[in-house]
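Notes follow the structure.
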Amino acid sequence: MSSPDSKALPSASWLRTVQAVLWSFVGLRKGADYQQDLEKLNPFHIIAVGIGAALLFVLGLIALVNWVVSQPIVL
């Protein structure tokens, strides 16, 4: 059994993981928030959310380019 002195850190939610990954994409992050994320976030969740966000970003760029290319040129 665990002793009362050993306190488990509560895990962060998926929303907190998505928020951390999106801030990382932008490149803005406070040092204190970064340290807190290191303690609480699950690395596998970060990888999954990062891959998903990158995929959505690339698909969004592809859709934007296809939309721009299909527009008639008006001068």
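Readers should treat all values here as calculations from the given coordinates under stated rules, not as data from a laboratory. This is a predicted model, so every value here is computed, not measured. Here the Cβ positions follow ideal geometry from the backbone for every residue, glycine too, while neighbour counts run over all protein chains shown.
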Trypsin sites (Lys or Arg not before Pro) within the stretch 7-69: DSSP coil, no more than 10 neighbouring Cβ in 10 Å: 7, 30
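Convex hull volume of the Cα atoms in the stretch 14-70, per residue, in Å³?
70
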